[in-house]
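Nothing in this text is a laboratory measurement; each read-out follows from the coordinates by a stated rule. On a predicted model such as this, the values are computed, not experimentally measured, just so you know. So basically every Cβ, Gly included, is an ideal-geometry build from the backbone, and we count neighbours across all protein chains shown.
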Amino acid sequence: MIKKIIMFIISCFFMFGFGHMPIDIGLTPEANTMIGIFIGAITLWLTVDVGWPSLLVLFSLTQLPGATTANIVSSSLGNNTIAFLIFSCVLTYALSASGILRRIALWFVNQKNHKSSPWQLAIMYFLSILVIGSFIAPTVLFVLYMSLSKEIFKSNRIQPGDEYGRMLMCGTAIMTSISCAMTPIAHTFPLMALGYYETATGNAINWIDYMKIGIPAGLIIAAVTICYLYLGFKDKIANFDMEIMEGMGPIKKEEIISLVVFLGVVFMWLISGVAPDLFPILKTWTTTIPPIFGIVILCLFGVLDFNEALKKGVPWTSIILCGTTLAVGKYLTSEELGITAALGSAISNVLTNPSADLMIFLIAAFTIIMTNFMSNIVTTTVSYNLMMPIVLATGVISPELTAILVGMCASMAYATPPAIAHVALAAGSEYCNTKTMLIYGGIASSISIMFVTLME
């Protein structure tokens, strides 16, 4: 408690006092104030908390010229990205509550005969995570699969501490992060990076362009990950008779309706990018209206309890944090303050004529290393605002590719509990531990940096 109080005081000093210090770093006092807010915000998020401190960060932005209450609210909690996240979480909650997600996962697991083949089961299990996780928030996905994995363990008499349980739980956490990187659908960190780009330029990055990079990279990283998990655990896991898990009985009406509605929403998301002229109205809907449309239908058919979904399905703390970082990112990169221009100039002077491969490697390495030791949301903000000025100054890769790389790499959190919630859940479970996540998650991080660089 004392440590948190001390760090809170230090953070407040930076947010409210740094701009008034007699420090000459070649920037205006207003720019110094923004830098202080940025440093103080990161300190709060890393050492105190991420929820209520975000409100203090929003308040601190009122010190900036032109930062009216309306501007701060519209650029944070009123941002289109925030609305999209809220309604997407409500929509995906319906999938989870109806049971269709669990049924799909079991379908993957129960394909063919997995007797005497624990690795065949593991591969199908991981594949199902990649498929479902491409459309589902990572925490929701991991909670679902943690429950499913425990049923598999129970069915096959796998006890806590058994190597197969350790491998499957560790692999589940890693695959969850990889799936989050593959698409921007219902995934906070890619959406944040794309949102930063749209806010700064007024131009939206097509989701198809993102997935052209994210899906192939994710599949290759996942394949290599499965290979090294096999090499790491193959001598520790003996073959055993796998009992095919029983299904869930006849499919229910609620499952069918929730799945059809969700696929319809995904269709509306994708068609606006693949064939925008086919349904012109979808271009004006952006990404926010389709899930709203889906929610209305689900509530109309009695499949979704809206109040319950708002309470249980929406991670409000993460939403507030996300909104705050969007506002911080907007003011940090504003032309009026000139921070990014000065930073880009300084770094570009040091980084003379980098190649495109070197630039991609630096973005991937910096973002992936950061995201494995601190908040993914903070990582997205820091990495985007640091790397974009360098990219703009050097011109070796496009700003669009930069935003895609940051969003994708910020999702690749595998190694430590602070990295992301589901890694903490895996490391804290009775079937895995922190050491296992650190070792195999660290290897996954190195693999991700290498293949992201090679693929681009």
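Some observations on this one:
- In this structure, residue 59 and residue 398 have a Cβ-Cβ separation that, at R0 = 30 Å, corresponds to a calculated FRET efficiency of about 0.25.
- In a reduced charge model with +1 at each Lys and Arg Cβ and -1 at each Asp and Glu Cβ, the chain shows a dipole moment near 960 debye about its Cα centre.
- With Cα atoms, 0 to 90° folded angle of helix 29-47 axis to the chain main axis: 30 degrees
- Annotation: extensible slack from residue 305 through residue 204 equals 33.1 nm (criterion: 0.36 nm per residue apart, minus Cα-Cα distance).
- Dividing the Cα radius of gyration of the chain by 2.2 N^0.38 Å, with N the residue count, gives 1.00.
- Dipole of the chain [Lys/Arg +1, Asp/Glu -1 at C-beta], most positive-end residue of 181, 78, 421: 421
- Rounded to the nearest 10 degrees, the inclination of helix 188-201 to the longest alpha-carbon principal axis of the chain is 30 degrees.
- Relative contact order for the chain, counting Cα pairs under 8 Å that sit 6 or more residues apart, in percent: 22 percent
- Computed extension gain for residue 317 through residue 69, at 0.36 nm per residue and net of the alpha carbon distance, reaches 87.2 nm.
- Helix 339-350 and the long axis of the chain differ in direction by around 80°, with both axes built from C-alpha atoms.
- Normalised convex hull volume, segment 1-67, alpha-carbon set, Å³ per residue: 72 Å³
- Full-stretch length increase - residue 236, residue 219 - with 0.36 nm per residue and alpha-carbon distance subtracted: 3.5 nm
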